[in-house]
Every structure is written in C-alpha cells, then in structure tokens.
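One structure is given here, and the rest of the page talks about it.
The values are calculated or read from the model by the stated rules, or taken from the named source; none is laboratory data. Bear in mind the structure is a predicted one, so any value in this text is a computation, not a measurement. Please note: Cβ atoms are built from the backbone with ideal geometry, for glycine as well, and neighbour counts cover all protein chains shown.
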Amino acid sequence: MREVEKTRRGAAVLEVEGLTKTYRSGARTLTVLGDVTFVVQEGETCAVVGPSGSGKTTLLGLCAGLDRPSAGSVRLCGEELGPLSEDERAAVRNRDVGFVFQTFQLIPTLTALENVMVPAELRGDRGARPHAADLLDRVGLGDRLDHYPAQLSGGEQQRVALARAFINRPTILFADEPTGNLDTETGNYVEDLLFDLNRTAGTTLVLVTHDLELAARTGRIIRLRAGQVVSDEVTDDVSGAGPSRYAAAG
C-alpha cells in the first residue's frame, strides 16, 4: 500500500460519494443505503441520526472500511478504500482511525492497560505502555490498570474503550452509539470524556446516535431515513463540544 501523507489541517478527512449498500433477500434486493454523499473536514464533529433501520451503523462501517459498498466510494484520510485489500484497509484504520463501539469490544483475557495498548502494539509501537497508562488516568481509571473487563462496570469498560480509541492519536474517531448501553448518568459522564479527549487531541469525530441531545453537542447533524440523507445541518454549537451534561446533572 502506498504511503499517504497525514491530512493537512482544513482538508477533507472523509469523502463519501454515491455510497450504496444492497443485500439480496431471496428474489428481492434490499437497499440499506442509497446514493449517500457528504464530506467531513478535519476537526469537524458530526452526528449521524435517524430511526432504527435507517442505515446509520451500516454507513459508519463503510466509512471506516469495515465493509465494502455495493456502489459509490469512500476516501478516508486521503486514501481511496475501494481498491484496497482487507489487510490494506486494516492498515489505514490502524494508522488513522479510532473506533468506539456500543458493546465496548474489549478482549476479556487482557487487562484494561493491555486492551488500550493493543492498537499501538499492532502498529509495532512497543513503547506505548506509558501513553496507555496516561490515557486511562485521564478517564479516571488510573487505579484500575490491572483489572480485567469482567471486573469493571459497563461505564468503566466504555472508558477503557475510549482510551483505546485514542492510543494511536487517530485523525478521525468513529463512535457507534457510544452511550447506548449505559445508564443516563454514566452515559453523560462518558460523553463528556469523549468530547474532552476529542477536543484535546484535535480529532475529527463522526458518531452515530439515537440521542438527539448528544447529537446537538456536535457541530453538524446528518439525518438518515430509509438509507438516504434527508438533511445535513450545522448546529448552533460551532465549537462541536457542547455543554457538559454530566456537570449539569450534578
């Protein structure tokens, strides 16, 4: 795979053109996404919202190169994903992408510290331990480095997942319903950590959510319905961070 220079400030980080995803269901063709087009610039915070079944998670997976579209293209951090092999797409993700899943996706046999270190070790960084420990300290888990996922609450596991997402200093962070499995108070706290880490790192953020209050904390909201973009609006919060809901909740 050719080397791609890190995206310069102000450049497009994510370019989606005519993205379509279909599946065969017997004699029928099911269209999950149809002709979706948008561009996300470096430093933007963007929420993708819509009802269940509107194609949000499918779109996020295609943007991150976790799946291939039926038609259309995705350019991620200057790299056209279509021609790449699975291994080459994985290399792009490891180099430029952080990902936060609703279900945490931690490795149960690894400690919190080891889970955070995994992406760095996959790229050959053998000196990631201090950075991983610092990230866990920043999300309030400095005293839980040696705990396994089963020994952590859901909120703590998601905080480990946040630290893991930032370990490689990604250009873009994708988050799929990052607070969907958490209670309200814990979810608000995790949201604040997500935006704080993102703001500090200067990372571009694209998140999928059903939570319109969370979406309103981003600088832009893309609405999907039946696999198509029905609106794409800049929010009042040009900072893309929004007020702390956790602090407001006391």
>> Being hydroxyl-bearing (Ser, Thr, Tyr), assigned to a loop (DSSP other than H, G, I, E, B) and at pLDDT 95 or above narrows it down to one residue among 179, 109; which is it?
In response: 109
> What are the pairs, 6+ residues apart or on separate chains, where a residue within the stretch 92-105 that is in contact (Cβ under 8 Å) with a residue 24 or more places away in the chain and on the phi > 0 side of the Ramachandran plot has its Cβ under 6 Å from a residue that is surrounded by 23 or more Cβ atoms within 10 Å (Cβ to Cβ) and assigned to a loop (DSSP other than H, G, I, E, B)?
Replying inline: none
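Condition check: among the charged types (D, E, K, R) and assigned to a loop (DSSP other than H, G, I, E, B). Does residue 169 satisfy that? Steps first, please.
Working: among the charged types (D, E, K, R): yes; assigned to a loop (DSSP other than H, G, I, E, B): yes.
Against the criterion (among the charged types (D, E, K, R) and assigned to a loop (DSSP other than H, G, I, E, B)), residue 169 qualifies.
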> What residue, among those in the stretch 121-173 that are in contact with a Leu (Cβ under 7 Å, 6 or more places away or on another chain) and β-branched (Val, Ile, Thr), is surrounded by the most Cβ atoms within 10 Å (Cβ to Cβ)?
Replying inline: 160
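Condition test on residue 24, is it modelled with pLDDT under 95 and under 14 Å from the mean Cα position of the chain (by Cα)? Spell out the reasoning first.
Values: modelled with pLDDT under 95: yes; under 14 Å from the mean Cα position of the chain (by Cα): no.
No: the conditions fail for residue 24.
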> Of the residues 198, 115, 188, which single one is under 28 Å from residue 13 (Cβ atoms), within 13 Å of the chain's Cα centre (by Cα) and outside any loop (DSSP other than H, G, I, E, B)?
Replying inline: 198
>> Can you go through 71, 47, 12 and tell me which one is closer than 25 Å to residue 199 by Cβ, of a type in the set (Gly, Ala, Ser) and modelled with pLDDT of 95 or more?
In response: 47
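If you check residue 214 against the conditions, is it among the hydrophobic types (A, V, I, L, M, F, W, C), modelled with pLDDT of 90 or more, closer than 21 Å to residue 59 by Cα and not in a helix (DSSP H, G or I)? Give the derivation first.
Values: among the hydrophobic types (A, V, I, L, M, F, W, C): yes; modelled with pLDDT of 90 or more: yes; closer than 21 Å to residue 59 by Cα: yes; not in a helix (DSSP H, G or I): no.
Criteria not met by residue 214.
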> How many residues, within the stretch 26-44, are more than 17 Å from residue 231 (Cβ to Cβ) and in contact with a Ser or Thr (Cβ under 7 Å, 6 or more places away or on another chain)?
Replying inline: 6
